Every structure is written in C-alpha cells, then in structure tokens.
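Below is one structure, written out as structure tokens; comments come after it.
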Amino acid sequence: GGGACEARSLNPPDRRAGFRHGRERPDTSGPGAPAAVPARPAASTPRRGGRRGPVGGVSTLLNVKLSETENGKLVSILDLPGNILIIPQATLGGRVKGRNMQYHSNSGKEDGLELYSQFVALCEKELAANSKCAEAGVVVKHGTYGNRQVLKLDTNGPYTHLIEF
C-alpha cells in the first residue's frame, strides 16, 4: 500500500553519523546524509507537480541541495556523491498534548514497516542507478525498523531540515 512519509536531514552531509543496536559498536556511515524517518504519514495530498509517498520523497531527498563540497558549493547527495544513513524513528511523529507526548498520528507497525522498507529500497535503487554514486561506491546503510537504536552524530550544526512528502 502506498502512503506518505517524511524524512529529516539531520546534519551537514559532510559530517559523520552512526547508529548501533543495543550495545553493539556504532556503524559509521562516513561522509554522507543521515536521514531519520518517522512512522507517521505526512500530508495526504502531494504538492503541485510533486509525487506523494516514498517515490517522490526519495527523489526530493536525493536531489535537494544540502550537501556542501570542499569549496562551499551546495550540491545534492547524488552530485556529491555521498553515503546515506536511514534511521527509523517513530518519536519524530509525536505531538505534544498538555505535558505529554502522543503518537496517535503515527502509522501502525505493519504500515510503518512497509513505508520504511519501500523508502530504503528506493534509496538503494536510486543510488545504484546513478553513475557518479556507483563509481564512488556509495552505499545506503539503515537501521532496523521497530528496534531501539542509538544514533551518534558528529556535526558542527545545528543543521536539521524537515522534508514532508
């Protein structure tokens, strides 16, 4: 089933990020773009000229100019080229109600897993199809949906963007 989702670019793509499951050593992605993906459907209608759901979202995320080259020019992750680290993070879909966080608008576990899996697969497909990325050997690394994970960021940010699709 199709649906919408969102991603957050967490830090400058030329920095390092890593995640670990439980007490394992962090898996460092190296230079690239970390993205946290909540288990929450975003807007139900696409913006003018846009595509809804993971397909349009992957294209947006990979083509937006957020990556900085050595000379300071902003380019897309495809033009850099750089690795991508995708972290499933349901808490990004939370809303404050009173003094508590609520997650009622999050997708169900099965739908969230399906959207996340589609998002990861589409990112892998797009990087593999891009000649610059294929030549550079860039990869998509990703967390496991539904597991507690630890994210470590080395950044000179703050540099966070919300991209809904």
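Numbers for the structure displayed
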{"item": "Nearby lysines by direct alpha-carbon distance to Lys109 (threshold 26 angstrom, same-chain neighbours under 8 apart not counted)", "result": "Lys97, Lys125, Lys141, Lys152"}
{"item": "The range 58-160 pair-distance distribution - Cα-Cα, 10 Å bins, rounded %", "result": "13, 36, 35, 14, 3, 0"}
{"item": "Pairwise label distance in nanometres, Asn147 with His104, each label 7 Å out on the Cα-Cβ vector", "result": "3.3 nm"}
{"item": "Fully extended contour minus Cα-Cα distance, from Lys65 to His161, at 0.36 nm per residue", "result": "33.4 nm"}
{"item": "Distance in nm between pseudo-label sites at Lys125 and Val55 (7 Å out along the Cβ direction from Cα)", "result": "0.8 nm"}
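Here, each number is a calculation from the coordinates, and none is a lab measurement. What you see is a predicted model, and the numbers here were worked out from it, not measured in a lab. A quick note on method: Cβ atoms are made from the backbone with ideal geometry, for glycine too, and the neighbour counts reach across all protein chains shown.
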